[in-house]
Every structure is written in C-alpha cells, then in structure tokens.
Amino acid sequence: MAPPPLNGQEAAASARAVQSNDMAHASGQEPMQRHIWYVTGPAGCGKTTVAEYLAAALSIPYVEGDSHHTPANVEKMRTGIPLTDTDRWEWLIGLRNESMRRISDGADGVVVTCSALKRKYRDVLRVASYWNSNVVTHFIFLNAPAEMLLQRVSRRQGHYMGPAMVQSQFDILERPAEDEYDVISIDVSRSISEVQADALTRVSDMMRRD
C-alpha cells in the first residue's frame, strides 16, 4: 500500500524550506546544508541513547520517534499486536514533518529516532531532501543480533515494547541494501561508549564530505 498524499502541514513545511532557499540565493549566499539524522533499528538496539548523545555532541535538536506514535499504535504494541504499513504511514510522515519544521525554524540539523524497518519506510523519510536540495537525509542503522535485543528488552521496566514485539520487528526487518548510500551501519554489540564514539566519528566524517 502506498503512503498517503501530502497534507497541508507538509505543503507548508515545503514552502518554508523553498522560501529559505530562495532568500539565500537572492542575497548571493550559498544555502547551508542541513542534516537530518535518523537513528534506526529494531527495539532495544539503543536508538535513544545514541541519538541523545549525537544531538548533544552536534548541538542540534533531538526528536524522540516513539513519542509521535498515535495512541492507537501504542495500544496495539502494548498488547503485542504488530503495526501494519497503514499504521506506520501517519507516524513516518509526522516525523518527517517535525524534522523539516525544526530545520525551517532555524536548526542546523536534527537527530530523530525511528525504527525505519523497511526500505519503503526509509523512502518516505527521504522525501525531505526532495523538498529542499540543501537538506540531506541520513540513516544510522544500529545493527545487532535478535538474541541480544531480546535480552535487553526483557530487562526494561514499564516500556510498551515487549520481547514479542522485538521478534515481530525482526520478522519484517529489511536491512539497508548496498545501494542505500545514505545509510551508516553501526555494530552495537560493543560497549555503549564505543558505539557512541563510532557513531559520532562516522557522522562527522560524512558531514565533512557533504
């Protein structure tokens, strides 16, 4: 099933981005590239920990993807019912809108947590770069075996994402393909400090290249 068409909020975000670009060109300045970093992977891989670290290190806003799920989605996950593509479209588009809103409001970039389990989900998020050629979308895929993440999630207290939901995410997971050049893959089977340092190094290198 295809994602729904652009709504009014998206159109407004797009218009603000284009206006910002046009103003920079009119003043003779080269528009500055702004980066959206989606920290992705199944539940338990450390998205929040890595994203908060990167946002602090880069001095840019952080958006917690889980907080943008609809109450209906949260209830489904709490009761062990996997989300469908239809359930996820509104969430993905909402995260994309929020990322563009932060940039339109003047942020140099933004770090967002989002599982982005399938390629078509990542494609929905990539649309932000189509609106504004100076917005660069990246994905940081936190890679870990299912057994490790199941152990981590089983130790969580009070989180709606249980072990059964982790397995359901692995069942539909489409690991980034070689032609997804905007993806950085990070091995998270190491200590969290090693993962954070590796992620920041890789992000900094990519920003210098861009």
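The values are calculated or read from the model by the stated rules, or taken from the named source; none is laboratory data. None of the values given here were measured: they were computed from a predicted structure. Neighbour counts run over all protein chains shown; Cβ positions are idealised from the backbone, glycine included.
Just to be sure, is VAL135 under 14 Å from LYS47 (Cα atoms), surrounded by 18 or more Cβ atoms within 10 Å (Cβ to Cβ) and modelled with pLDDT of 90 or more? In short, no.
With respect to the conditions (1) assigned to a helix (DSSP H, G or I); (2) among the β-branched types (Val, Ile, Thr); (3) within 16 Å of LEU95 (Cα to Cα), VAL50 lacks only one, and its number is (3).
Residues in the range 97-119 that are touching a residue at least 40 places away in the same chain (Cβ under 8 Å) and in a helix (DSSP H, G or I): ASN97, SER99, MET100, ARG101, ARG102, ILE103, SER104, ARG119.
Residues of the range 29-36 include none that is assigned to a helix (DSSP H, G or I) and in contact (Cβ under 8 Å) with a residue 40 or more places away in the chain.
For the range 81-113, a residue qualifies if it is closer than 27 Å to GLN167 by Cβ and not hydrophobic (A, V, I, L, M, F, W, C), and the qualifying residues are PRO82, THR84, ASP85, THR86, ASP87, ARG88, GLU90, GLY94, THR113. Does ARG78 count as crowded, with 16+ Cβ neighbours inside 10 Å and basic (Lys, Arg)? Answer is no for this residue.
For the range 166-190, the set of residues classified as part of a loop (DSSP other than H, G, I, E, B), closer than 18 Å to PHE139 by Cα and not aliphatic (A, V, I, L, M) consists of GLU174, ARG175, PRO176, GLU178, ASP179, GLU180, TYR181, ASP182, listed by residue number. Checked against the criterion of being surrounded by 16 or more Cβ atoms within 10 Å (Cβ to Cβ) and in contact with an Asp or Glu (Cβ under 9 Å, 6 or more places away or on another chain), the range 98-108 has at least one qualifying residue. Restricted to the range 170-210, and to residues there that are modelled with pLDDT under 95 and touching a Gly at 6+ places or on another chain (Cβ under 9 Å), the residue that is surrounded by the fewest Cβ atoms within 10 Å (Cβ to Cβ) is ILE192. Restricting attention to the range 65-96 and to residues that are β-branched (Val, Ile, Thr) and part of a helix (DSSP H, G or I), the residue that is modelled with the highest pLDDT turns out to be ILE93. For CYS114, all conditions in the list (1) more than 23 Å from THR201 (Cβ to Cβ); (2) crowded, with 16+ Cβ neighbours inside 10 Å hold save one; what is the number of the exception? It fails just one condition, (1).
Number of residues in the range 116-149 that are in contact with a Leu (Cβ under 9 Å, 6 or more places away or on another chain) and among the hydroxyl-bearing types (Ser, Thr, Tyr) equals 2.
Kindly indicate whether any position in the range 145-158 is closer than 25 Å to SER99 by Cβ and either at pLDDT 80 or above or not in a helix (DSSP H, G or I) (or both). No - not one qualifying residue is present in the range 145-158.
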